[in-house]
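Following: one structure in structure tokens, then a few remarks.
Since every read-out is calculated from the coordinates, none of them should be taken as a lab result. Just so we're clear, the structure is a prediction, and the values are computed from it rather than from any experiment. Here Cβ is always computed from backbone atoms with ideal geometry, including for glycine, and neighbour counts include all displayed protein chains.
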Amino acid sequence: MNRVLFVDDEPNVLEGLGRALRSMRDTWDISLANSGAEALELMENDGAFDVICTDMLMPGMMGDELLATVMERYPDTVRLVLSGQLHTPAIVTAGSIAHQIL
């Protein structure tokens, strides 16, 4: 079973992702985090995830900072960006640390 972590500071987005991906529960072990700090805490406590998918614009820790940390600590984790903000400097930075921008 693949472990997938979704990170977004907007609870409605996380709830929507959880509902939309409910049918994948037999294939994916899905976890949700509402901040970069919470995501890193989950990874430190529960081990690396196979995939992390994060928003970019979040308070506290931006998505590019989260992905850079994940790349350093957990290089085998596939790093994805899911963001509606495609024209920000953070997205340009993410291009060098994310496997895919959605």
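Tabulated results
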read-out: Ranked by how many other beta carbons lie within 10 Å on average, peptides 11-18, 53-60 from highest; value: 53-60, 11-18
read-out: Sum of side-chain charges, Leu14 neighbourhood, beta-carbon under 14 Å (Lys, Arg +1; Asp, Glu -1); value: -4
